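The structure under discussion appears below in the form of structure tokens.
The values are calculated or read from the model by the stated rules, or taken from the named source; none is laboratory data. These numbers were taken from a predicted model, which means no experiment stands behind them. Here Cβ is always computed from backbone atoms with ideal geometry, including for glycine, and neighbour counts include all displayed protein chains. Each accessible area value is taken on the protein alone, full model and side chains, heavy atoms only, with ligands, DNA and RNA left out. Shrake-Rupley method; radii C 1.70, N 1.55, O 1.52, S 1.80 Å.
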Amino acid sequence: MEKILDEIKGAKSIGITGHIRPDGDCIGSCMGMYMYLKKTLPSDVVIDVILEEPPAIFSCIKDIDVISKEPGHDKYDLLIIIDTSIDRIGAADKAYRTAGRTINIDHHITNQGGGDVNYIYPEASSASELTYDLMDKSYVDKDIALAIYIGIIHDTGVMQYSNTSPRTLRTVAELIEYGFDFPRLIDETFYERTYVQNQILGRTLTESILFMDGQCIVSGVSLKTMRFYGLKSKDLDGIVNQLRYTKGVEVAIFMYELEPQRWKVSMRSCGGVDVSDVAEYFGGGGHMRAAGCNLTGSYYDVINNLSARIALQMGE
Ligand code: AMP
Ligand code: MN
Ligand code: MN
């Protein structure tokens, strides 16, 4: 922790980045870090946030407009990579290769640590919780607290998933002391769905298939269907969780087609199967109960490949 603060102190230009297709935790932690550094560092220090365009629901986070898709500098003194290992940072990869120093803050069990300094704790609920840990609390304000809070609710399913610890709840208790309207934030950033998002959720549930004696469930959305409804990847958030709520199911798989015959796979487990192990086998990663990877082939090829790896664990 001391080491991280020392790295930050000396830098005159800082880039902050996270993973491709950024989620609430990624955006909340990067923006929380941005606001905190803006507040604590001299005003001549350049600070950029490099991420893909955030979903509109996150416009409640202050300064979200500072996010740029490409690095604003050829070489940063320091690049801070949050909520991911360095292989999923997209356009910020250029900045990674030239950065003077790098810090990696993450909670993915599959992250081996790609920074000069690493702050990686798989037991943390979220990268946002870890980012908050690093802050001198006397500088935290309502805007920073709100960004961190959004990150935590998104990665814990509003403090429901098993990654929620007593420590997470103590952090959340501190955060809501700042007095932002948290029930509204939960509704508007987590539960609310557009009409078409609800339509695709319903359709995906209807078309789902149970296999392995009802212990696994799978469903997917083809590129053709994506185009028919005019869907983006973020419109599919939460579907895999809903699949997992099916009684008797141990593992839920949801996939959508990124390009013909190339699928983005999301997996969720009730705890009996380590889906990060399955994802890692196919070049992806994640956590024991929530992981993802990309696979090629037909829809049924993907199911066959995944189920072989899941069956191996279930047989154990
Ligand atoms: P998702 O299913 O996309 O919500 O992702 C579940 C978890 O797995 C998240 O923590 C992701 O960061 C991680 N994850 C998803 N896809 C990948 C991937 N291709 N490589 C590494 N980690 C991934
Ligand atoms: Mn994330
Ligand atoms: Mn996360």
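Full extension from Tyr281 to Arg97: what is 0.36 nm times the residue separation minus their Cα-Cα distance, to one decimal in nm? Difference between extended and current length: 63.6 nm. On the chain, 49 percent of the accessible area sits on carbon and sulfur atoms, based on a 1.4 Å probe.
Each of Ile209 and Lys247 was given a label point 7 Å from its Cα along the Cα-to-Cβ line. The distance between the two points is 2.4 nm. Residues of the stretch 193-220 with an amide N closer than 16 Å to a point placed 7 Å from the Cα of Met314 along the Cα-to-Cβ direction: 209-219.
The Cβ shell under 12 Å around Leu175 holds other residues with a net charge of -2, Lys and Arg each +1, Asp and Glu each -1. By a 1.4 Å probe calculation restricted to protein chains, Ile303 has an accessible surface near 20 Å², given to the nearest 10. Extension gain for Ser68-Tyr299 works out to 79.7 nm (0.36 nm per residue, less the C-alpha to C-alpha distance).
For an R0 of 22 angstrom, estimate the FRET efficiency from the Cβ-Cβ distance between Asp116 and Lys12 and round to the nearest 0.05. Result of the calculation: an efficiency of 0.85. Modelled spin labels at Lys137 and Val46, positioned 7 Å past Cα toward Cβ, are 3.6 nm from each other.
Using the Stokes-Einstein relation with a Kirkwood hydrodynamic radius computed over Cα pairs, the translational diffusion coefficient of the chain at 20 °C and a viscosity of 1.002 mPa s comes to 106 µm²/s.
Per-residue extension of 0.36 nm, minus the Cα-Cα distance of Ser59 and Tyr161, leaves a gain of 34.2 nm for this segment.
Based on Cα contacts under 8 Å between residues 6+ apart, the stretch 4-191 shows a relative contact order of 23 percent.
Would you mind checking Lys12/Lys39; Lys3/Lys137; Lys224/Lys247; Lys69/Lys137 for any pair whose Cα atoms are more than 21 angstrom apart? Pairs exceeding the cut-off: Lys224/Lys247; Lys69/Lys137. For the stretch 4-191, the Stokes-Einstein estimate of translational diffusion at 25 °C and a viscosity of 0.890 mPa s comes to 152 µm²/s, using the Kirkwood hydrodynamic radius over alpha-carbon pairs.
Between His108, His154, His73, the GNM of the chain built on Cα springs shorter than 10 angstrom shows His73 fluctuating the most.
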